[in-house]
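The values are calculated or read from the model by the stated rules, or taken from the named source; none is laboratory data. Nothing here was measured: the structure is a model prediction, and the numbers come from that model. Cβ atoms come from the backbone with ideal geometry, glycine included; neighbour counts cover every protein chain shown.
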Amino acid sequence: MKKSSIFAVLMALSSFSQAYEMYGLKLSLKATNLPFTESIVYPAIVQNNPVNGQLGITVADTLTTDGKVLWTVDNNSGQDLQSLQAVTYIDIEIDQTQNTFFNETAALSSLTLPQTPTPINNYLPSAPTAWQIDEPGYYGGQLNAAYQALSLNNSNELGTNADDIAVTFQHSVPLLKKGERLYIEARIGDQPTNGIQQSDPNSQQSYYLNSVIYTQAPPVVKIPPVVAITAPTTTSPADITDTTISVTDELGVLAADVVVASTTTAGYSNFSCQQITATQVDCIIEITASGDLVISATDSDAVC
Ligand SMILES: [Ca+2]
Ligand SMILES: [Ca+2]
Ligand SMILES: [Ca+2]
């Protein structure tokens with residue numbers, strides 16, 4: 001049986017409107033070449049902890065009033081971290097002063113992103129890849145052990161005499177390069193935000209608990225537009241009128257951005273382009289004198 005009265009006082013002071021109290025909120029990390037390390041927000045707020053001197057972890061905010069906490073993880077180890085695992089651990093109590101902390105249930109809603117991940121420039125959010133619901137270990141549960149081992153079993157281990165409920169989420173990162181940063185965010189929301197739903201049957205309060213990892217977005221690969229000139233007639237005593245041009249681009253190209261280049265030496269007239277689709281422009285042209293025809297196109301990602 002755990003004692004949580006001191007943390008109930010802490011949360012009362014932080015002007016939460018929610019009917020939950022935070023008992024445990026922490027993050028563990030481990031990689032092939034990084035020993036177990038953690039950053040504990042509750043019960044003891046440990047920020048900027050040196051974690052064996054191998055990572056820089058900061059907590060940008062303690063738990064916000066809208067139920068978010070964001071960890072910044074910098075790889076200061078001097079080496080690439082292989083097979084990085086991260087587990088977020090969330091132990092809330094719902095309306096415990098009215099009906100205790102051991103009357104609650106929890107179930108996986110879906111292992112998907114919350115509806116509104118936090119926008120972070122050049123970073124992409126990902127949902128957890130594993131989860132576990134269990135009693136932490138005060139009363140025979142295994143959740144804290146799973147958190148310590150960074151090995152979640154994708155199951156709800158609560159029995160009928162489960163006592164307390166806590167939840168965990170796991171993220172896997174194949175490679176965090178030397179000097180790179182990632183972010184991990186725990187979410188506690190009273191609106192459906194996917195993740196795990198924890199409910200109090202007496203007060204009928206429910207919270208959706210979730211975790212998000214934000215990793216660097218891969219660089220955008222820019223592909224230049226493709227210009228195809230079809231010239232069935234290459235030699236003629238009269239003007240050539242059957243030359244056509246088709247420009248395509250994987251992102252987009254505008255008719256106004258397809259031009260006859262200044263390096264063109266052929267004589268021409270009646271150059272005209274038409275927008276076929278967002279990614280295709282077709283043009284016609286009349287060739288009036290011998291020479292080279294050079295078409296220039298600028299695509300929407302401005303490759304050329
Ligand atoms: Ca309760
Ligand atoms: Ca709990
Ligand atoms: Ca392009």
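Residue-by-condition table, conditions (1) in a strand (DSSP E or B); (2) within 14 Å of the chain's Cα centre (by Cα):
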| position | (1), (2) |
| --- | --- |
| 173 | yes, yes |
| 179 | no, no |
| 203 | no, no |
| 208 | yes, no |
| 211 | yes, yes |
| 219 | no, no |
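With respect to residue 179, is the statement that it is at pLDDT below 95, away from ligand 2 (no atom under 16 Å from the Cβ) and among the small types (Gly, Ala, Ser) true?
yes
Look through segment 224-240, keep the residues that are more than 20 Å from residue 259 (Cβ to Cβ) and β-branched (Val, Ile, Thr), and return whichever of them is farthest from ligand 2 (Cβ to nearest atom).
Result: 235.
Answer yes or no as to whether residue 170 is closer than 18 Å to residue 87 by Cβ, of a type outside the set (Gly, Ala, Ser) and out of contact with any Asp or Glu (no Cβ under 8 Å at 6 or more places or on another chain).
yes
Test residue 197 against the criterion of being touching a Ser or Thr at 6+ places or on another chain (Cβ under 9 Å) and within 30 Å of residue 26 (Cα to Cα), and give yes or no.
Spelling it out, residue 197 is indeed touching a Ser or Thr at 6+ places or on another chain (Cβ under 9 Å) and within 30 Å of residue 26 (Cα to Cα).
Pairs, please: C-beta under 8 Å, at least 6 apart or cross-chain, first residue assigned by TED's automatic domain parsing to the domain that holds residue 22 and in segment 188-199, second acidic (Asp, Glu) and surrounded by fewer than 20 Cβ atoms within 10 Å (Cβ to Cβ)?
Every condition considered, the pairs that remain are 189/66.
Can we say residue 212 is outside the structural domain of residue 184 (by TED's automatic domain parsing), within 30 Å of residue 126 (Cβ to Cβ) and not hydroxyl-bearing (Ser, Thr, Tyr)?
Criteria not met by residue 212.
Can you find a residue in segment 121-135 that is more than 16 Å from ligand 1 (Cβ to nearest atom), touching a residue at least 60 places away in the same chain (Cβ under 8 Å), surrounded by fewer than 20 Cβ atoms within 10 Å (Cβ to Cβ) and part of a loop (DSSP other than H, G, I, E, B)?
yes
Suppose the filter is more than 16 Å from ligand 1 (Cβ to nearest atom) and part of a loop (DSSP other than H, G, I, E, B); does residue 301 pass it?
In short, yes.
Output yes when any residue across segment 97-113 is outside any helix (DSSP H, G or I) and under 11 Å from the mean Cα position of the chain (by Cα), and no when none is.
For segment 97-113, residues outside any helix (DSSP H, G or I) and under 11 Å from the mean Cα position of the chain (by Cα): present.
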